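Okay, so here's the structure we're looking at.
The values are calculated or read from the model by the stated rules, or taken from the named source; none is laboratory data. No experiment lies behind these values; they were computed from the predicted model shown. Virtual Cβ from ideal backbone geometry, glycine too; neighbours counted across all protein chains shown. Only protein heavy atoms, including side chains, enter the accessible area calculation; ligands, DNA and RNA are left aside. Shrake-Rupley method; radii C 1.70, N 1.55, O 1.52, S 1.80 Å.
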Amino acid sequence: MHLHAIETKTFPLINLPFDLIANILSFLIKHQNSKVHGSNLIFVNHLFAKAAIPYVWSHLYLKEPSQRNIFNILQTPPSKLMFNYRTMVKTITICPISISNMKSGGLLRTLELVQNILPNISGLHVEDSLSFCHVCHVGKEATTEQVADLIAMNHLDKLMLDSDHSAFNDDLLEIITKDSHLKHMSINGSNFTDDGVLNHVIPNLKNDLVEFSAGFGGMNPVSLTGNSILALLEYCPNIRRMSLDGVNLNDSDFAVDYLPSSQLEHLHLGKTCHQNFTTKGLLSLLTTCNKTLISLVLDLDHLSQSVLQDIIIPLFQRQKLQEIHLVSESWAEWIAYYPRPRYEQEVKAKEAMWRWKLKAYWGLSADLINLVGKKISTLKVFSILGENHLKSFPRF
């Protein structure tokens with residue numbers, strides 16, 4: 001008997017429909033933390049470039065002043081370019097060199113260019129990491145009215161404001177939410193308070209808001225409390241996603257006669273700034289959305305054996321919850337003092353502190369983890385620090 005080599009045939013990708021190729025590549029291109037992952041796909045061949053470039057260019061990150069030269073491309077007539085990049089841009093993230101008006105940089109200057117060149121974008125993010133300095137002593141300080149005039153675009157769908165600058169405050173929220181139909185809003189900064197949410201965000205966006213974030217993923221701390229969070233859940237009936245990190249939650253915020261019943265489907269609860277937010281407050285918060293919640297991301301600071309046994313299981317075992325993610329960013333407070341580690345020892349110190357902090361949570365037993373999986377039969381994912389503990393547990 002002779003063995004014959006088995007001839008293998010490959011199916012050329014170019015034979016696939018273009019729409020299918022574009023759809024596949026869209027899952028490989030991710031915009032995360034001001035970086036685009038998977039952008040190297042545009043260099044594979046012309047077909048991949050044509051399919052991938054719209055996804056790469058859908059979200060632009062502008063770190064001033066070095067990356068503002070991208071406007072030179074956007075102002076070039078499309079007839080002189082291989083692609084019409086201007087029509088691809090949907091979201092802009094600006095990391096300003098200063099909150100001032102400068103010829104070479106500055107938030108106001110960049111916002112003016114955005115308005116003039118990309119008037120139809122749907123998402124705008126301002127990420128101010130210059131907590132040590134805003135004006136840099138070379139430009140005139142921006143006012144709330146100047147900032148508002150440039151970002152109060154009625155067609156915006158998503159807006160993220162992340163700055164401790166005095167111009168980013170409750171008055172800014174009043175101006176930009178008036179006559180607006182924002183669906184996704186994220187605010188970070190100590191000058192945003194409960195008053196801004198209660199008096200402006202809720203009245204102006206109550207029927208439009210789908211997603212609200214405070215402190216999550218931002219560089220600047222927030223001053224919101226549980227009072228505005230409960231009001232959002234009560235008076236904004238279409239909110240489906242909420243992310244909270246560094247919010248001043250307190251058990252007393254939830255000690256009310258009536259807790260609203262929200263329609264939240266996704267909740268990310270990170271660290272809280274108040275030591276008096278205990279399992280009692282956590283129970284009240286989760287009670288507002290336990291009938292509709294699909295995905296819960298909970299910082300390990302809120303975790304204990306009793307939380308899993310006495311809160312998570314009883315609340316969700318007969319509901320819709322599909323995913324529980326227990327995460328930790330335990331260096332969050334420490335990093336405020338070292339926002340950019342300058343030396344190797346600082347990087348190692350941060351990592352060592354993180355690992356030391358996590359040891360307190362490594363006591364979760366396999367029996368307890370399996371108990372959660374068995375009691376909440378709807379669970380598809382139960383991850384702790386990124387590891388899915390249901391991967392070997394049969395789901396039906």
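Given R₀ = 51 Å, FRET efficiency for Met88-Lys375 by Cβ-Cβ distance, to 0.05?
After rounding, the FRET efficiency stands at 0.60.
Using 7 Å Cα-to-Cβ label points, what is the Asn207/Ser79 separation (nm, one decimal)?
Label at Asn207, label at Ser79, 4.6 nm between them.
What accessible area per residue comes out for the stretch 68-214, rounded to a whole number of Å², with a 1.4 Å probe?
44
Take the Cα coordinates of the stretch 215-259, assign each an equal point scatterer, and use the Debye formula without solvent to give log10 I(q)/I(0) at q = 0.13, 0.14, 0.16, 0.19 Å⁻¹.
Taking Cα atoms of the stretch 215-259 as identical point scatterers yields -0.32, -0.37, -0.47, -0.65.
Among the aspartates and glutamates, which have Cα under 14 Å from the Cα of Lys90 when same-chain residues fewer than 8 positions away are ignored?
Asp157
Which aspartates and glutamates have a Cα lying under 20 Å from the Cα of Lys63, excluding residues fewer than 8 positions away in the same chain?
Within the straight-line limit of under 20 Å, Lys63 reaches these aspartates and glutamates: Glu112, Glu127, Asp128, Glu141, Asp162, Asp164.
Count charges around Leu293 for me, please; just the other residues with Cβ under 13 Å from its Cβ, Lys/Arg as +1, Asp/Glu as -1.
Surrounding charge for Leu293 is +3.
Between their Cα atoms, which of Lys206/Lys320; Lys80/Lys103; Lys158/Lys291; Lys183/Lys380; Lys30/Lys80; Lys183/Lys375 are more than 30 Å away from each other?
Lys183/Lys375
Give the share of C-alpha pairs in each 5 angstrom bin for the stretch 203-339, from 0 to the last occupied bin, in whole percents, shortest bins first.
2, 10, 20, 24, 23, 13, 6, 2, 0
If you average the sequence gap of Cα pairs under 8 Å that are 6 or more apart and divide by the length of the stretch 189-311, what percent do you get for the contact order?
Reported as a whole number, the value is 22 percent.
Just need the relative contact order of the stretch 226-276 here, percent rounded to a whole number, with Cα pairs under 8 Å and 6+ apart.
Value for the stretch 226-276: 49 percent.
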